[in-house]
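The values are calculated or read from the model by the stated rules, or taken from the named source; none is laboratory data. Source: prediction; values computed, not measured. Quick reminder, even Gly has a Cβ in these numbers, built from the backbone with ideal geometry, and neighbours come from all protein chains shown. We work out accessible area using only protein heavy atoms, side chains counted, and drop any ligands, DNA or RNA first. Shrake-Rupley method; radii C 1.70, N 1.55, O 1.52, S 1.80 Å.
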Amino acid sequence: QSIGSSASVIPEWMRTQFVRRARIATQVDGLCGQIVGLYTNYCVGTQGVEWKCEDEQAQAVLDAFMFSKANECVLSPAAQRQRSSEFQEDGEIFFALFASPGMGVKIRVLDSLEISDIATEKEDANQPLYYVRDQVSMVGGSVKKIYYRDKNNTSMTPGYTPAGTEIPNASGELSTAVVYHVSLGGRGLRGMSRLMPVLDWSRSYIKFMN
């Protein structure tokens with residue numbers, strides 16, 4: 001029997017439904033928008049989050065990553081505010097890190113609704129190995145399955161020998177990126193929207209006021 005549990009008390013179909021509702025509510029519901037805005041203003045502010053290192057060489061590496069033109073869409077102050085809102089709406093965020101020799105590290109964010117599964121160790125349900133992304137084509141709507149290694153998974157190729165680290169049902173492609181997954185609340189590996197507890201209450205409140 002595996003250690004821990006990757007299963008949530010809320011079914012996956014319901015969790016994704018809450019995510020979709022939260023994304024809409026942030027835009028059209030004043031109360032939900034205020035909740036997200038208050039958290040973002042307090043934690044990120046207008047200047048974004050900055051890091052300082054005593055080691056000058058480490059600081060130089062960090063600055064190259066943070067201020068890279070290629071990473072502005074994720075790490076600029078405005079982008080950090082957007083990521084904060086997305087994190088609260090979805091209850092999780094998937095950072096994909098692409099490392100290129102001599103080119104530094106490029107960071108992108110995967111849409112949480114495209115992550116259809118998380119493959120874990122066979123005997124440890126709390127240890128993710130791969131994130132399965134169903135990428136939908138903008139033209140034709142075809143779906144391509146892409147596997148991303150978890151940041152702690154040292155496997156570089158499908159079929160890595162340690163038991164339980166093989167890509168399950170490897171019908172898709174293996175990305176060169178590794179994923180850093182941050183989740184909010186909930187049991188299991190998937191996050192729960194910060195707005196989940198207030199969506200129905202907020203809707204009832206608005207109806208009452210009207």
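Some values worked out for this structure:
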{"item": "Odd one out for Gly102, checked against (1) within 29 Å of Gln17 (Cβ to Cβ); (2) open to solvent by 70 Å² or more (accessible area, probe 1.4 Å)", "result": "(1)"}
{"item": "Residue within region 153-165 that is on the phi < 0 side of the Ramachandran plot, modelled with pLDDT of 85 or more and not acidic (Asp, Glu) present", "result": "yes"}
{"item": "Search result, residues across region 83-118 that are touching a helix residue (DSSP H, G or I) at 6+ places or on another chain (Cβ under 9 Å), small (Gly, Ala, Ser) and touching a residue at least 60 places away in the same chain (Cβ under 8 Å)", "result": "Gly91, Ser112"}
{"item": "Output for region 124-157, where each listed residue is small (Gly, Ala, Ser) and under 23 Å from Leu189 (Cα atoms)", "result": "Ala125, Ser155"}
{"item": "Checklist (1) open to solvent by less than 40 Å² (accessible area, probe 1.4 Å); (2) closer than 19 Å to Arg108 by Cβ applied to Cys73, failing item", "result": "(1)"}
{"item": "Top-ranked residue of region 185-210 - restricted to ones that are modelled with pLDDT under 90 and either in contact with a strand residue (DSSP E or B) (Cβ under 7 Å, 6 or more places away or on another chain) or in a loop (DSSP other than H, G, I, E, B) (or both), ranked as farthest from Phe87 (Cα to Cα)", "result": "Asn210"}
{"item": "Near pairs, Cβ below 8 angstrom, 6+ apart or cross-chain, from region 119-147 (in contact (Cβ under 8 Å) with a residue 60 or more places away in the chain and surrounded by 16 or more Cβ atoms within 10 Å (Cβ to Cβ)) to any residue that is in a strand (DSSP E or B) and aliphatic (A, V, I, L, M)", "result": "Thr120/Leu129; Glu121/Leu129; Ala125/Ile3; Pro128/Ile118; Pro128/Ala119"}
{"item": "Meets criteria (under 27 Å from Arg20 (Cα atoms), in contact with a helix residue (DSSP H, G or I) (Cβ under 9 Å, 6 or more places away or on another chain) and among the small types (Gly, Ala, Ser)) for Ser142", "result": "no"}
{"item": "Subset of region 24-43 that is within 19 Å of the chain's Cα centre (by Cα) and open to solvent by 70 Å² or more (accessible area, probe 1.4 Å) - its residue that is nearest to Arg194 (Cα to Cα)", "result": "Tyr39"}
{"item": "Residue in region 1-23 that is surrounded by the most Cβ atoms within 10 Å (Cβ to Cβ), counting only those that are among the hydroxyl-bearing types (Ser, Thr, Tyr) and at pLDDT below 90", "result": "Ser6"}
{"item": "One residue from Glu114, Glu86, Glu92 being touching a Gly at 6+ places or on another chain (Cβ under 6 Å), of a type outside the set (Lys, Arg) and open to solvent by less than 70 Å² (accessible area, probe 1.4 Å)", "result": "Glu92"}
